[in-house]
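S.K.: Attaching a single structure in structure tokens format; questions to follow.
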Amino acid sequence: MTVTRRGVILVGHGGIPKGCPQELVTKLKRLEAQRRAAKLPPSAEEIELDTKIRQMPRTPETDPYQSGLEAVAAQLRANLGDVLFAVAYNEFCAPTLESSVEELVKKGATHITVTTTMFTPGGSHSEVEIPEILDHLRPQYPGVELRYAWPFDLQLVASTLAEQVKRFS
């Protein structure tokens, strides 16, 4: 009998920490654009730069985005009950979605649902990159069901935003 162990990963965009040299980010984005245009895998230089930026030390002062996403993640985790839980970032910050999936699988997850804080259609991270990463990971984890909880119901997003506006009216 197979035991189902559920996992959830919250994916955020990721931010550049204060103090990160701008030339590193500029070079990384240039390499990414060239790779995408040529439809090639990442070069060793791109991987090295990406890792260097993602691994930079962070505090709530140097990376308020990471701190904010972690706060949302703590609330989400508390609302989900008994699930394995991880956070991931699309860029600039660690861990990656790939490493968070690996972490939950190592902990025994057999069904992983990925969700994001990027609610609206039209974004390359939410519409293209996350699905591509999951498609790439599925063959690596054939015994694990990877689901993407997207797109969002825009009526629910609008209701949440309306409640926020009412708090300040």
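S.K.: Given a 10 angstrom Cα cut-off, can you work out which residue in A74, A94, A38 is the most mobile in a GNM of the chain?
M.R.: A38
S.K.: Continuing with the same structure: DSSP loop GluC sites (Glu not before Pro) in region 64-156 with at most 10 other Cβ atoms within 10 Å of their Cβ, which ones?
M.R.: Filter output for region 64-156: empty list.
S.K.: Separate question: Ordered by packing density, taken as the mean number of other Cβ atoms within 10 Å over each peptide's residues, highest first, how do 154-160, 53-59, 110-116 rank?
M.R.: 110-116, 53-59, 154-160
S.K.: Under the Kirkwood approximation for Rh and a Cα-based Rg, what ratio Rg/Rh is obtained for the chain?
M.R.: Here Rg/Rh amounts to 0.98.
S.K.: Using a 7 Å offset from the Cα along the Cα-to-Cβ direction at both E163 and I47, what is the distance between the two label points in nm, to one decimal?
M.R.: Going by the 7 Å Cα→Cβ label model, 4.3 nm.
S.K.: Before rounding to the nearest 500, sum -39500 (n - 2.57) across all DSSP H runs of length at least 4 in the chain and divide by the residue total; then give [θ] at 222 nm in deg cm²/dmol.
M.R.: -14500 deg cm²/dmol
The numbers here are math on the coordinates, done by the rules we state, and not lab data. Here the structure is a predicted model, which means the values were calculated and not measured. Every residue, glycine as well, gets a Cβ built from its backbone with ideal geometry; the counts of neighbours run over all protein chains shown.
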